[in-house]
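The values are calculated or read from the model by the stated rules, or taken from the named source; none is laboratory data. Note that the structure is predicted; figures quoted are calculated from it, not measured. So basically every Cβ, Gly included, is an ideal-geometry build from the backbone, and we count neighbours across all protein chains shown.
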Amino acid sequence: MAQIIGGITSSHIPAVGNAVHDKKFDDPYWKPFFDGYPPIQKWLEDHKPDVAINIYNDHGLGFFLDQMPTFAIGAAHEYKNEDEGWGMPKLDPFPGDPKMSWHIIESMVEDHFDITSCQELAVDHGFVVPMQLFWPGAPHNPDMPRTIPISANTVQHPIPTLRRALDFGRALRKAILSYPEDIKVVVMGTGGLSHQLDGERAGFINKEFDQYCMEKIVSDPDALTKISRRELVEKAGAQGTEFLMWMMMRGTLGDKVKAVHTNYHIPISNTGAGTMLLEPVA
Amino acid sequence: MEFDNFDHHAPIEGTTIFDGEQAMKGYALNKMCYSFNAASSREEYLTDPEAYYEKFGLNEQQKQACRDKVVLDLIAAGGNIYYLAKFAGIFKLDVQDVGAQQTGMTKEQFKQKLVDAGK
């Protein structure tokens, strides 16, 4: 049977894609951020997961406001990044695992999560940047796992609640653990932490709240579900709602987890950037 | 941290929640911005911006906000920041340029504000 070996989180700021491309790993601005990644890269090298489920939020590449799924799951053989208007260099496709995707889709709907299935899905920086950070040279890293993208809506309110995001993760855990193949799965929660790009409050970052979220996501994620969506916007910034992805990831890891590695740095671009590696504790 | 006393009806200062109301108001503008994912659309826009506004059915408020390139006006006209970022990208404006413009700062001042948030 499939097993979940860990959860990893990362911010997914577009500027990071360019910094990776330009190899700015030792640049004084970037170093405190990039230094958060080698321990997790090493862990991935040691554990070699077969599949990475990448939970991210599309930013207006894969989906437009004409049809906006609340939860979408990729079911393609491969996933390509595309021009986002200003974006990153185009990469070769990331290999998918459609058979496992359909298993997950079946299981999620059985569990009353009415998701949107996508046999084609253009993936943006939200998906690609964390892949590049965790698997250097992606998609050509020799250990590159197959991937299943899951996108949640944070573009347009109403967005999902933190409660729903955590429950989604718990249902996803059930889906993964019931997959009959003996594979190792890592679940990624990407985006956040606090940031706001729009309005007179642009540039808002909330260190205290980010640190609270990084602590509670380990010890007591249910406590975070008391935060309403409006409150999340107020405390994390309008785009800090991407923390929902972290909650979805957390739900897949079971009740108890151990934080193996944590990094937090302000600012990268307009964002408080958080990186974590969590292992489930049996 | 305490979450029980949060006022769920008070507006959030300096923040427009992009909800159904904004989505209806800004649909044409956001649809135009979404088209800028394609390089050919960006070129077509730059060749004749006014014709491009017409093609997507922008109203006068949206057209003027685009002509002025004022981000707060674009938001007031229903623009969503994720799509507006693609519009800004045509003019090589990054998120710090956009932040500086909205907060009335220079880009250097805005970047300092971000650094100070980490202290």
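Key figures for this structure:
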{"read-out": "When residues of region A:8-30 are limited to those that are away from chain B (no Cβ under 14 Å) and surrounded by fewer than 22 Cβ atoms within 10 Å (Cβ to Cβ), the one farthest from B:Tyr34 (Cα to Cα)", "value": "A:Asp26"}
{"read-out": "Hits in region A:47-77 (condition: in contact with a strand residue (DSSP E or B) (Cβ under 6 Å, 6 or more places away or on another chain) and either part of a loop (DSSP other than H, G, I, E, B) or surrounded by fewer than 16 Cβ atoms within 10 Å (Cβ to Cβ) (or both))", "value": "A:His47, A:Pro49, A:Asp50, A:Asn57, A:Asp58, A:Pro69, A:Ala75, A:Ala76, A:His77"}
{"read-out": "Positions within region A:155-170 being touching a Gly at 6+ places or on another chain (Cβ under 9 Å), within 14 Å of chain B (Cβ to nearest Cβ) and assigned to a helix (DSSP H, G or I), in sequence order", "value": "none"}
{"read-out": "Filtered residues of region A:226-257 (kept if crowded, with 24+ Cβ neighbours inside 10 Å and assigned to a strand (DSSP E or B))", "value": "none"}
{"read-out": "Candidates A:Val260, A:Val218 - the one that is at pLDDT 95 or above, over 19 Å from A:Ser107 (Cβ atoms), assigned to a helix (DSSP H, G or I) and of a type in the set (A, V, I, L, M)", "value": "A:Val218"}
{"read-out": "Those residues of region B:97-108 which are in a helix (DSSP H, G or I), surrounded by 13 or more Cβ atoms within 10 Å (Cβ to Cβ) and more than 7 Å from chain A (Cβ to nearest Cβ), in sequence order", "value": "B:Asp97, B:Ala100, B:Gln101, B:Lys107"}
{"read-out": "Some residue of region A:194-209 being away from chain B (no Cβ under 12 Å) and either among the small types (Gly, Ala, Ser) or not in a loop (DSSP other than H, G, I, E, B) (or both)", "value": "no"}
{"read-out": "Where a residue in region A:35-46 is surrounded by 15 or more Cβ atoms within 10 Å (Cβ to Cβ) and modelled with pLDDT of 95 or more and its partner, wherever it lies, is among the charged types (D, E, K, R) and outside any helix (DSSP H, G or I), with Cβ under 8 Å and at least six apart", "value": "A:Leu44/A:Asp143"}
